[in-house]
Amino acid sequence: MSLTYVIPDIHGRFDLLSQALHEIHAHAAGNGGTLVMLGDYVDKGPDSDKVIARLRRGMPAGWSFVPLKGNHDAMMISACRDPATMTRWLKRGGDAVVDSYGGDASCIPEADIAWLETLPLMHIDAHRIYVHAGLDRGIARDAQSETTLLWKRYPKGDASGFDGRHVVHGHNSVAQGPELYLGRTNLDTGAWRTGRLVTGVFDDATPGGPVDFIVVHGPALGS
């Protein structure tokens with residue numbers, strides 16, 4: 001059985017990421033697989049620098065690794081490239097990123113920013129589309145705007161997929177999640193705040209939602 005593991009929004013919680021990766025390897029039991037990250041590696045939580053460093057190392061041989069870009073990653077890139085957007089980013093959680101790099105935005109390595117810039121916005125396999133936020137129906141997949149892919153919020157209860165594929169996303173945190181619908185799965189449980197991170201496990205040969213979950217816990221950080 002070929003499996004795809006999907007980790008949603010991390011937001012600087014290196015502790016939860018480390019636990020999740022350990023549990024994923026245990027679940028895979030020596031087999032490879034695909035690991036998709038749904039973006040938002042930075043902001044809010046305490047260890048954005050460590051999260052980026054770990055993700056830049058990738059996965060061992062036998063694994064496919066697909067880290068996608070999230071809206072907070074895009075805000076960090078913009079702030080580091082255009083000082084006019086710095087204040088907005090700092091108010092949206094970027095202050096925690098700066099602290100993780102030593103308290104000065106100028107200390108953020110260019111290589112980390114460049115890595116975030118190169119991340120794709122979407123991953124597609126036989127049965128599913130993986131994206132940070134979502135897709136707009138009625139618009140061709142290749143014509144989806146970056147704003148939609150990074151910022152969309154589905155109406156509560158919207159069960160739609162996209163062009164016959166199940167949509168797997170994060171971005172919209174639901175502490176009691178994940179949210180499971182016929183056409184889509186929202187894995188974001190606000191892990192940076194709640195201390196509860198849920199990884200979705202998907203069977204590559206079977207359409208639809210997850211066949212299993214891997215749940216790890218750490219301290220809640222409050223709002």
Give the residues of the stretch 34-75 that are hydroxyl-bearing (S, T, Y) and over 25 Å from I124 (Cβ atoms), sorted by residue number. S48
If a residue has to be touching an Asp or Glu at 6+ places or on another chain (Cβ under 9 Å) and over 10 Å from V167 (Cα atoms) to count, how many in the stretch 180-194 make the cut? 6
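Counting only residues that are of a type in the set (D, E, K, R) and more than 16 Å from A126 (Cα to Cα), which one in the stretch 180-220 is surrounded by the most Cβ atoms within 10 Å (Cβ to Cβ)?
D188
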Which listed residue is of a type in the set (K, R) and either buried (at least 21 other Cβ atoms within 10 Å of the Cβ) or farther than 21 Å from D9 by Cβ (or both), from R153, R141: R141
Here the residues within the stretch 26-52 that are outside any loop (DSSP other than H, G, I, E, B) and out of contact with any Phe, Trp or Tyr (no Cβ under 9 Å at 6 or more places or on another chain) are A26
Being among the small types (G, A, S) and exposed (fewer than 12 other Cβ atoms within 10 Å of the Cβ) narrows it down to one of S78, S106, so name that one. S106
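A short reminder: the numbers here are calculations on the coordinates, not readings from a lab. In this text the structure is predicted, and so the values were computed from the model without any measurement. We place every Cβ from the backbone using ideal geometry, glycine too, and count neighbours over all the protein chains shown.
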